[in-house]
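Here the structure is laid out as structure tokens; the discussion comes afterwards.
The values are calculated or read from the model by the stated rules, or taken from the named source; none is laboratory data. All values derive from a computational prediction rather than experimental measurement. Cβ: placed from backbone, ideal geometry, glycine included. Neighbour counts: every protein chain shown. Side chains are part of the model used for accessible areas, which takes the heavy atoms of the whole protein and leaves out ligands, DNA and RNA. Shrake-Rupley method; radii C 1.70, N 1.55, O 1.52, S 1.80 Å.
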Amino acid sequence: MIEVVPHTPLLAEQLRELILRAGPITFREWMRTALYDEAEGYYRKTHQIWGGEGDYRTSPERSYLFAATFARYFASLYSALGDPASFTLVEIGGGAGHFTFGVLETLQTYFPQVFAATRYVFDEVSESAQTAARQRLIAFADRVEFASIEDLEIDPGIVFTNELLDAFPIHRVTVIDGKLCEFFVTLGIDEHFEWMIGPPSTTRLAEYLKQHDICLRAGQIAEISLDTEEWLAKIAAKLRRGFMITVDYGADAAELYSSGERQYGTLRSFHQHAFVENVLAAPGDNDLTSTINWTAVRTTGDRVGLRTLQFSRQDKFLLAAGLLDQLAVQSEIATEAEKIRLSTAAREMILPNGMAVSFHILVQEKASAKSAFGANRA
């Protein structure tokens with residue numbers, strides 16, 4: 001673990017002023033500001049987030065195969081929708097455009113009918129990431145639109161996210177003397193950020209635990225994402241017909257809240273690929289994340305009209321979606337060095353003890369899309 005000294009204290013000062021003026025704030029509000037403040041938030045500032053020089057690397061950055069395999073899967077969903085003349089792919093939180101490029105190049109090369117029908121919408125809050133994506137996607141400038149899903153109606157199409165929900169702001173709760181309490185952020189004597197525990201800021205926290213049949217132990221700390229439920233309802237309203245695909249790391253509620261290994265929750269902070277010991281350090285400079293509750297995502301989806309079609313571990317999903325077939329196709333035209341990189345990447349994505357087993361893929365279906373995947377339904 002490392003302790004990070006703030007590079008730019010402006011956001012920290014803004015948060016201090018807010019607390020001095022209004023009193024302790026929920027961690028949800030602190031995290032929302034730290035990550036998404038318009039000027040100084042982690043995902044808004046002009047700095048390196050992704051890749052070896054940033055704080056983390058996503059699967060599309062590690063290997064072209066990830067996007068290419070999903071392109072094959074998207075083509076199968078296009079067929080399930082009846083081969084429409086117009087088809088919208090929306091990627092939310094696409095970063096620097098690695099996934100987008102891999103998908104479009106694969107569709108163009110191997111699925112020209114799907115490519116010809118596809119309108120690709122790239123929804124990304126980071127202006128620096130958008131700039132990098134625009135440069136990377138110049139070859140597909142006539143195919144890619146940079147826009148927010150807020151401005152869309154998708155009929156038919158697919159909404160795709162990769163490692164998005166884990167960065168949604170969360171409330172942090174615990175149980176003391178049999179009562180549900182919430183963690184707030186306040187200021188210590190030296191005006192450093194520190195934790196304070198008080199009554200819940202909203203009755204929705206207790207309702208969430210009851211709705212998902214979660215019983216916390218005394219002293220146990222847990223995260224609750226109310227934002228996820230609101231976001232899924234918004235997506236369901238925008239997606240008239242098609243599919244929602246979510247890739248992320250998480251666990252079902254029983255595992256997430258019952259395991260003794262998670263007695264103190266799953267909230268964590270990263271800086272340059274290392275854990276940051278104090279999650280309240282350097283707001284705006286560090287990534288903040290927590291393990292998502294897949295049970296809540298699925299049940300909320302069912303409630304808002306996103307029916308669970310498939311829920312699989314990432315390695316199993318990619319194998320079923322044709323990763324090995326895509327590897328064989330790409331290896332036919334690759335140099336020896338490229339073949340080694342491709343096979344190494346494939347192994348990393350499907351090894352039983354690799355990182356991929358921590359990730360799951362949830363496919364949800366909206367409205368009258370004709371499904372050809374009944375055998376895979378969870």
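Taken along the Cα-to-beta-carbon direction at a fixed 7 Å, the label points for L351 and R307 span 4.0 nm. Select from A218, W30, A254 the residue farthest towards the positive end of the dipole of the chain; place +1 on Cβ of Lys and Arg, -1 on Cβ of Asp and Glu, and compute about the Cα centre. So the residue we want is A254. Relative to the dominant Cα principal axis of the chain, helix 336-350 is inclined by about 50°. Bridging of K339 to lysines at a Cα separation below 28 Å is possible for K316, once same-chain residues fewer than 8 apart are set aside. In the chain, what % of DSSP beta bridges are antiparallel (nearest 5)? In the chain, approximately 60 percent of DSSP beta bridges are antiparallel ones. What the pair-distance distribution of the chain shows, using all Cα-Cα distances binned every 10 Å from zero, is 5, 22, 32, 26, 12, 3, 0 percent. Computed from the Cβ-Cβ distance with R0 of 30 Å, the FRET efficiency linking D177 to A233 stands at 0.30.
Comparing the stretch 149-285 with the 2.2 N^0.38 Å rule of thumb, its C-alpha radius of gyration ratio is 1.23 (two decimals). Accessible surface calculations at 1.4 Å, restricted to protein heavy atoms, place the chain at 44 Å² per residue. Per-residue extension of 0.36 nm, minus the Cα-Cα distance of R341 and A320, leaves a gain of 5.4 nm for this segment.
Counting only alpha carbon atoms, the long axis of helix 323-332 and the longest principal axis of the chain meet at about 50°. When you restrict to C-alpha pairs under 8 Å that are six or more residues apart and normalise by the size of the chain, the relative contact order lands at 22 percent. Legend: calculated FRET efficiency, N278 to A85, from the Cβ-Cβ distance at R0 = 56 Å, rounded to 0.05, equals 0.55. Quick note on the stretch 105-230: its Rg to Rh ratio, both from C-alpha atoms and Rh being the Kirkwood radius, is 1.16.
Pairs from the list K45/K234; K45/K210; K210/K366; K179/K366 with a Cα-Cα gap above 30 Å: K45/K210; K179/K366. Derived scalar couplings between HN and Hα for the stretch 303-309 equal 5, 9, x, 9, 7, 5, 9 Hz in order, rounded to whole Hz, by the Karplus curve 6.51 cos²θ - 1.76 cosθ + 1.60 (θ = phi - 60°), x for Gly and Pro.
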